[in-house]
1. Pick out the one residue from ARG64, ARG50 that is under 19 Å from the mean Cα position of the chain (by Cα) and either loosely packed, with under 11 Cβ neighbours inside 10 Å or hydroxyl-bearing (Ser, Thr, Tyr) (or both).
2. Mind telling me which of the residues ARG37, ARG56, ARG27 ends up being basic (Lys, Arg), free of Cβ contacts under 8 Å to residues at least 60 places away in the same chain and exposed (fewer than 12 other Cβ atoms within 10 Å of the Cβ)?
3. Which of (1) surrounded by 13 or more Cβ atoms within 10 Å (Cβ to Cβ); (2) free of Cβ contacts under 8 Å to residues at least 24 places away in the same chain is the odd one out, the single condition GLU96 does not satisfy?
4. Can you name the residue in the stretch 103-123 that is touching a Phe, Trp or Tyr at 6+ places or on another chain (Cβ under 7 Å) and aliphatic (A, V, I, L, M) and is also nearest to VAL52 (Cα to Cα) among such residues?
5. Cβ-Cβ below 6 Å, separation at least six or inter-chain, first residue in the stretch 121-145 and within 23 Å of ALA68 (Cα to Cα) and modelled with pLDDT of 75 or more, second part of a helix (DSSP H, G or I) and among the charged types (D, E, K, R): which pairs?
6. Strands (runs of 3 or more DSSP E) wholly in the stretch 1-117 with at least 1 residues that are among the β-branched types (Val, Ile, Thr), under 30 Å from VAL129 (Cα atoms) and in contact with a Leu (Cβ under 8 Å, 6 or more places away or on another chain) - which ones?
7. For the stretch 106-117, which positions are more than 12 Å from PHE61 (Cβ to Cβ) and either surrounded by fewer than 17 Cβ atoms within 10 Å (Cβ to Cβ) or free of Cβ contacts under 8 Å to residues at least 24 places away in the same chain (or both)?
8. Would you mind finding the one in GLU94, GLU90 that is under 19 Å from VAL52 (Cα atoms), charged (D, E, K, R), touching a helix residue (DSSP H, G or I) at 6+ places or on another chain (Cβ under 8 Å) and at pLDDT 85 or above?
Amino acid sequence: MRCPKCGSRDDKVIDSRQSRDASSIRRRRECLKCKYRYTTYEEIERSDLRVVKRNRTHEPFDRRKLAASIAKAFEKRSTSLLTLEDIVDEIVHELETGGREVLSSVIGAKVLEKLRAIDEVAYLRYASVYQRFQDVDEFVDAIHTLGRRVKPNALQRELFPPETAQNSTPGSRNIRNKNHGRV
């Protein structure tokens with residue numbers, strides 16, 4: 001290793017440890033010339049994983065892009081960075097054991113599977129982009145697939161009072177609104 005401070009190639013390893021997921025080795029080194037201490041990481045060199053996009057183009061797999069999309073789904077949620085890193089590590093490991101090419105749809109399905117188990121809001125955020133939701137009905141369908149019922153809030157109670165909700169469905173246009181007559 002070349003010292004980042006003086007450029008010398010003479011160093012000694014002071015400490016070696018496995019990373020928490022045992023996928024790399026962390027080494028503390030000391031330059032024998034200037035005594036500067038620095039850290040290096042040793043990882044297994046992996047074959048290039050390629051992603052086959054929806055339009056059939058190919059691009060190199062980018063772990064940072066995967067991590068960024070998952071982080072976006074968890075934005076303003078109380079989830080630790082360690083949890084996000086674990087999700088990315090698990091998905092990358094699963095992808096690497098599958099071959100040299102992977103469909104983007106497979107990556108998306110794996111992300112959704114992990115998010116569904118951890119945070120339903122993050123799951124819905126990711127699904128809305130990944131599955132290209134076009135309207136509210138697609139969100140409602142996704143919520144129902146989570147096994148949840150939409151809880152009535154104040155606006156729903158105002159628009160769909162209990163006496164009229166029995167005779168029509170929330171999606172129909174034939175609902176009586178107490179303030180405006182027929183909608």
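The values are calculated or read from the model by the stated rules, or taken from the named source; none is laboratory data. For clarity, every value in this text was computed on a predicted model and none was experimentally measured. All Cβ positions, even for glycine, are placed from backbone atoms using ideal geometry, and neighbour counts span all protein chains on display.
1. Details: ARG50 fails: either loosely packed, with under 11 Cβ neighbours inside 10 Å or hydroxyl-bearing (Ser, Thr, Tyr) (or both).
One residue alone meets the criteria, ARG64.
2. That would be ARG56, the only listed residue that is basic (Lys, Arg), free of Cβ contacts under 8 Å to residues at least 60 places away in the same chain and exposed (fewer than 12 other Cβ atoms within 10 Å of the Cβ).
3. Just one mismatch for GLU96, condition (2).
4. VAL111
5. Every condition considered, the pairs that remain are TYR123/ARG116.
6. By residue number, 50-52, 101-103.
7. Within the stretch 106-117, the first condition is being more than 12 Å from PHE61 (Cβ to Cβ), and the residues that meet it are 108-117.
If the condition is that a residue be more than 12 Å from PHE61 (Cβ to Cβ) and either surrounded by fewer than 17 Cβ atoms within 10 Å (Cβ to Cβ) or free of Cβ contacts under 8 Å to residues at least 24 places away in the same chain (or both), then GLY108, ALA109, LYS110, LEU112, GLU113, ARG116, ALA117 are the ones that fit.
8. GLU94 is the lone residue from the list that is under 19 Å from VAL52 (Cα atoms), charged (D, E, K, R), touching a helix residue (DSSP H, G or I) at 6+ places or on another chain (Cβ under 8 Å) and at pLDDT 85 or above.
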